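Trainee: Take a look at the following structure, please.
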Amino acid sequence: MMAEALKARPMYLDKLLAVKDNGLIKVVTGMRRCGKSSLLALLSQRLVDDGVPADHVISINLESFQYSAFDYAQLYRHLDGLMQTGGRYYLLLDEVQLIDGWEKAINALRVDKDADIYLTGSNAHLLSSQLATLLSGRHIEIRVFPLSFSEFLQYTGLGASPADRASAFDRYTRYGGLPPVVDQGANQSLAHTVLSGIYDTILVRDIAQYLQIRNPMVFNDVARYLADTAGSPVSINKIEHRLKSARRTTANETIERYISGLLDAFLFYRAQRINVKGGDYLQGLNKYYPADLGIKNMLLGYPAGDFGFLLENVVHNELRTRGYEVQVGKMDGLEIDFVATRTRDDLTLERLFIQVSASILDTHTRERELEPLRRLGNAGLSGRRIVLTLDTFGLGSMNDGVDVINAVDWLTM
């Protein structure tokens, strides 16, 4: 990709610049094609603009055929050969998990050279198992997500008017926020082709290589089930029965392994259930959310289903992008869609309780969504209480301390 074609991702570039030269290895993670490589290119460009000699910024994409036969020793020798003059070097290595034993080369470069090291990877399992050995305590992870809706508007230049923004939101919830898909505009055929290619690449390169998938059709069935039930509690037994009814009998252990593979490749997120009053985790029936709505819709054939679940998925992913840990809350037999927590810069804890509903204009629906949040207030549990909806009427702060906010407005705050 040419430097002039790069589009800004200031939120992530600022995170990298904030930890530059801090002595730790920077590990940039996220699903394939979410923008990690472009982020490293943006960093390279910025370093040179800030006065770092171009030959001291070394960028390597390890997916290139040039490195296909490399082991860790060859990787070390190759990089060592590029670092022969004095001064600090900046090493930007893309998809590092493709090199067997890569952590040995990186640790040796950390020890032997004056280098600030940045790595990307598309598989949490492969990265974490190796980071936990030689590089434990010597790295910092920066997660990159598909474009948030706010980023999507900036990336595309859409959203100048309310009608334009509504059309952009429809497109975003249909085709998602992966940059190469967004680049196809609203052409569903092109978007589908790119989405299918990304999914197949993730399956082949980031999952199958270590999961030893014997039946890709069963794996795809599990992925489709999770996509189809996003926002609903998931039972492994139900997946097993569904596969059995389709004459694809599969053991629970295999299903759990496939779900772990989907999580490790950053295709899905898991939201665990917690007891809001006690704070303890509840066993079973977690929820799973696709990391990108384009992937979800591609797996399901672009259905025109319940928009409430799509909106819930968007809100969940936005909370992750904003740095929150996200759980599903249970209290007094009622469910709270999201309990989101994050640590502020001053190390205090911020907590949000969020209900999501496409519309709460119906009195029964409004009461159903507000009741769990009211009980939180009555129980004295601290945290901002919010209902997010697509309604444009009935918004504002309620007498009981609950804020009702238009979801699209919230996404662009």
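Trainee: Provide the descending list of Cα extents for the chain along its principal axes, expressed in whole angstroms.
Mentor: 71, 52, 46
Trainee: A further question on this structure: Given a 1.4 angstrom probe, what's the average accessible area per residue across the range 10-143, in square angstrom?
Mentor: Values: 5780 Å² over 134 residues.
Per residue, the range 10-143 has 43 Å² of solvent-accessible surface.
Trainee: Spin-label point model (7 Å from Cα, Cβ direction): what's the Asp49 to Phe65 distance in nm?
Mentor: 3.4 nm
Trainee: What is the gain in length, in nm to one decimal, between Thr201 and Arg247 on full extension, counting 0.36 nm per residue of separation less the C-alpha to C-alpha distance?
Mentor: Values: separation 46, 0.36 × 46 = 16.56 nm, distance 2.68 nm.
Residue separation times 0.36 nm, minus the Cα-Cα distance, leaves 13.9 nm.
Trainee: If you average the alpha carbon positions of the range 58-125 and of the range 345-413, how far apart do those two centres end up, in angstrom?
Mentor: Taking the Cα centre of the range 345-413 as reference, the centre of the range 58-125 is 47 Å away.
Trainee: Per-residue counts of other Cβ atoms within 10 Å, averaged by peptide: what ranking do you get for 97-103, 377-383, highest first? Spell out each step's value before the answer.
Mentor: Details: 97-103: 19.4, 377-383: 12.0.
Descending mean neighbour count gives 97-103, 377-383.
Trainee: Let me ask you something else. Where does helix 252-264 land angle-wise versus the long Cα axis of the chain, in degrees 0 to 90, nearest 10?
Mentor: Compared with the principal axis, the helix lies near 70 degrees.
Trainee: Please list the radius of gyration and Dmax for the range 255-413, considering alpha-carbon atoms only, with Å as the unit.
Mentor: Rg, Dmax (Cα atoms, Å): 16.0, 47.
Trainee: Share of the range 10-143's accessible area from carbon and sulfur, percent, 1.4 Å?
Mentor: Numbers: 2860 of 5780 Å².
Its accessible area is 50 percent carbon and sulfur atoms.
Trainee: Could you work out how far helix 102-112 tilts from the main Cα principal axis of the chain, as a 0 to 90 degree angle to the nearest 10?
Mentor: Between the helix axis and the principal axis of the chain, the angle is about 60 degrees.
Trainee: Next question, about the same structure. Compute the normalised compactness of the range 10-143: alpha-carbon radius of gyration over 2.2 N^0.38 Å, N being the residue count. If you can, show how the numbers build up before the last one.
Mentor: Numbers: Rg = 13.6 Å, N = 134, 2.2 N^0.38 = 14.1 Å.
Output field value: 0.96.
Trainee: Tell me the angle of helix 188-201 to the major Cα principal axis of the chain, expressed in degrees between 0 and 90 and rounded to the nearest ten.
Mentor: Rounded to the nearest ten degrees, it is 60.
Trainee: For the range 267-320 and the range 203-229, what is the separation of their Cα centres, given in Å?
Mentor: Centre-to-centre (Cα) distance: 18 Å.
Trainee: Taking 7 Å along the Cα-to-C-beta vector as the label spot, tell me the Asn215-Asp346 distance in nanometres, rounded to one decimal.
Mentor: 5.7 nm
Trainee: Taking the Cα centre of each part, how many Å lie between the range 7-24 and the range 137-177?
Mentor: The range 7-24 and the range 137-177 have Cα centres separated by 19 Å.
Trainee: Moving on. So for the range 347-413, Kirkwood radius off the Cα pairs, Stokes-Einstein at 10 °C and 1.306 mPa s: how many µm² s⁻¹?
Mentor: Details: Rh = 12.3 Å.
Calculated translational D: 129 µm²/s.
Trainee: What fraction of the DSSP beta bridges in the chain is antiparallel, stated in percent and rounded to the nearest 5? Working shown, then result.
Mentor: Details: 19 of 51 bridges.
Around 35 percent of the beta bridges assigned by DSSP in the chain are antiparallel ones.
The values are calculated or read from the model by the stated rules, or taken from the named source; none is laboratory data. Keep in mind it's a predicted model, so treat the numbers as computed, not measured. Using ideal geometry, Cβ is built from the backbone for each residue, glycine included, and neighbour counts are taken over all protein chains shown. Side chains included, ligands, DNA and RNA excluded: accessible areas come from the protein's heavy atoms. Shrake-Rupley method; radii C 1.70, N 1.55, O 1.52, S 1.80 Å.
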